[in-house]
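Engineer: If you scroll down you'll find the structure; I have some questions about it.
The values are calculated or read from the model by the stated rules, or taken from the named source; none is laboratory data. None of these values were measured; they are calculated from a predicted model. No Cβ is skipped: glycine too gets one built from the backbone with ideal geometry, and neighbour counts run over all protein chains shown. Note: accessible area is taken over every heavy atom of the protein model, side chains too, but ligands, DNA and RNA are not part of it. Shrake-Rupley method; radii C 1.70, N 1.55, O 1.52, S 1.80 Å.
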Amino acid sequence: MGSSRSLDLRGTPCPVNFIRCKLALESLQAGDQLQVHLDRGEPEAMVIPGLKDAGHRVEVTAEDVAWVALEITCAG
């Protein structure tokens, strides 16, 4: 069983939110999970594809009109 961390990046502008996700993932092992809350709009549109392109698995676990919650499984 991997470990799990969480980041609340609501209110964090691009590209800072993506950089913070990447830094958090660098400290995790393959299979570990990172829970992230992101604002809708540009953060959602930039961070999700960027993390998928880096090989991580990204799932939306909750949604609100203002934010989305993601579960990111680290690719290692």
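Engineer: Could you check the range 39-48 and list, in sequence order, the residues that are in a helix (DSSP H, G or I) and either open to solvent by 80 Å² or more (accessible area, probe 1.4 Å) or free of Cβ contacts under 8 Å to residues at least 24 places away in the same chain (or both)?
Structural biologist: The answer is E42, A45, M46, I48.
Engineer: Being in a helix (DSSP H, G or I) and in contact with a strand residue (DSSP E or B) (Cβ under 6 Å, 6 or more places away or on another chain) narrows it down to one of L51, L34, so name that one. Give the derivation first.
Structural biologist: Working: L34 fails: in a helix (DSSP H, G or I).
Within the list L51, L34, the selection yields L51.
Engineer: Among the residues of the range 1-26, how many are hydroxyl-bearing (S, T, Y), at pLDDT 95 or above and under 22 Å from G76 (Cα atoms)? Steps first, answer last, please.
Structural biologist: Filtering the range 1-26 down to residues hydroxyl-bearing (S, T, Y) leaves 3-4, 6, 12.
Then drop every residue that is not at pLDDT 95 or above, which leaves 6, 12.
So of that shortlist, the ones also under 22 Å from G76 (Cα atoms) come out as 6.
Residues flagged as hydroxyl-bearing (S, T, Y), at pLDDT 95 or above and under 22 Å from G76 (Cα atoms) within the range 1-26 amount to 1.
Engineer: A further question follows. Restricting to the range 1-51, name every residue that is touching a helix residue (DSSP H, G or I) at 6+ places or on another chain (Cβ under 8 Å), under 17 Å from E71 (Cβ atoms) and among the hydroxyl-bearing types (S, T, Y).
Structural biologist: Passing the criteria: none in range.
Engineer: Given (1) touching a residue at least 40 places away in the same chain (Cβ under 8 Å); (2) in contact with a His (Cβ under 9 Å, 6 or more places away or on another chain), identify the lone condition not met by Q29.
Structural biologist: (2)
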